[in-house]
Amino acid sequence: MKRLADAQVEAFDTVYVEGERWGTVKARIDRDFPKGDFRFLDIGGGNGTFSDSLLDAYPNASGTVLDNSEILLGRNKRNDRKTLISESVENLGRMRDKFDLVCIHWLLHHLVEDSYRQTRRKQMETLAAVNSILTDRGRISLFENMCNGWLVDNLPGRAIYQITSARTIAAISRKLGANTAGVGVCFLSSREWHSTLAMAGLEILNYTEPDDWVWPLPTTWRIFLHIRNMRVGHFWLRVPNANG
């Protein structure tokens with residue numbers, strides 16, 4: 001699996017889940033874990049700000065941040081209820097622990113392989129690995145970008161993958177604002193994400209687009225990439241045969 005360079009990783013050292021996004025996740029947790037006594041895994045949790053928010057809001061919770069960036073892990077605040085693991089999501093299946101809540105926030109589109117087909121397979125394999133580490137009452141919190149096309153629903157995501165993953169034009173795509181230039185990124189449309197999650201054997205308990213964020217892309221590039229709109233979506237999921 002391709003990895004971003006340290007300089008590219010730095011761009012993701014920010015807070016993504018706040019405001020209405022935080023409220024969306026908290027409402028689902030309060031509903032399904034009313035006592036607040038859950039164990040969570042934040043995959044690709046980076047600097048740990050989201051995990052810190054969970055630990056602050058739920059004193060009876062404990063969690064683990066898993067990330068392959070030593071730089072971002074090094075920026076985590078110390079907490080006796082938080083464990084840090086420097087590891088790639090590729091090795092998720094090796095974990096023996098099970099979790100009540102697994103958070104996959106803006107991660108799946110970064111699981112890039114040498115081809116689009118291999119990349120999509122990696123996304124599915126990761127979801128299968130997550131399923132295997134959930135407890136009986138387990139839930140998945142998934143944030144992703146919905147990249148929707150005009151006439152061809154999933155065309156923008158495929159086009160963006162081809163452009164950003166091409167090393168020969170990395171300098172050009174970087175100048176155009178693609179932080180993942182030369183490595184790649186694999187967005188899907190809302191319809192395709194829904195279909196992917198169903199194929200992965202997951203039940204969507206709740207789906208929402210919590211805010212009015214839109215990708216600040218020039219109109220000319222929207223037209224060129226066939227993009228109708230790009231929104232943030234949140235999925236609250238479980239394995240159908242799980243209890244609760």
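The values are calculated or read from the model by the stated rules, or taken from the named source; none is laboratory data. As the structure is a computational prediction, the values presented were derived from the model and not from experiment. Here Cβ is always computed from backbone atoms with ideal geometry, including for glycine, and neighbour counts include all displayed protein chains.
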| Matching option when the condition is of a type in the set (D, E, K, R), within 21 Å of Asp136 (Cβ to Cβ) and under 14 Å from the mean Cα position of the chain (by Cα), among Asp100, Asp42, Asp30, Asp37 | Asp42
| message | Restricting to segment 54-83, give me the number of residues that are within 21 Å of Val130 (Cβ to Cβ) and surrounded by fewer than 17 Cβ atoms within 10 Å (Cβ to Cβ). | response | 1
| The one condition in (1) surrounded by fewer than 17 Cβ atoms within 10 Å (Cβ to Cβ); (2) at pLDDT below 95; (3) within 17 Å of the chain's Cα centre (by Cα); (4) not in a loop (DSSP other than H, G, I, E, B) that Trp213 fails to fulfil | (4)
| field | Subset of segment 89-105 (residues that are modelled with pLDDT under 95 and surrounded by fewer than 21 Cβ atoms within 10 Å (Cβ to Cβ)) | value | Glu90, Asn91, Leu92, Gly93, Arg94, Met95, Arg96, Asp97
| query | Given the conditions (1) within 26 Å of Gly36 (Cα to Cα); (2) in contact with a Cys (Cβ under 6 Å, 6 or more places away or on another chain), and given that His105 satisfies all but one, which numbered condition is not satisfied? | reply | (2)
| field | Scan of segment 108-124 for residues that are closer than 19 Å to Arg94 by Cα and at pLDDT below 95, ordered by number | value | Leu111
| message | For a quick check of your reading of the model, give me the residue pairs whose first member lies in segment 18-34 and is closer than 16 Å to Glu144 by Cα, whose second is acidic (Asp, Glu) and assigned to a loop (DSSP other than H, G, I, E, B), with beta-carbon atoms closer than 6 Å and at least 6 apart or on different chains. | response | Glu20/Asp211
| In segment 79-91, how many residues are closer than 22 Å to Asp52 by Cβ and part of a helix (DSSP H, G or I)? | 1
| query | What number of residues within segment 108-140 satisfy the criterion of being farther than 23 Å from Leu205 by Cβ and outside any helix (DSSP H, G or I)? | reply | 5
| query | Which one is modelled with the lowest pLDDT, of the residues in segment 180-210 that are outside any strand (DSSP E or B) and of a type in the set (A, V, I, L, M)? | reply | Ala181
| query | Gly23 fails exactly one of the following numbered conditions: (1) surrounded by 15 or more Cβ atoms within 10 Å (Cβ to Cβ); (2) not in a loop (DSSP other than H, G, I, E, B). What is the number of that condition? | reply | (1)
| query | Taking segment 192-210 as the search range and keeping residues that are in contact (Cβ under 8 Å) with a residue 40 or more places away in the chain and closer than 21 Å to Pro156 by Cα, which one is surrounded by the most Cβ atoms within 10 Å (Cβ to Cβ)? | reply | Trp193
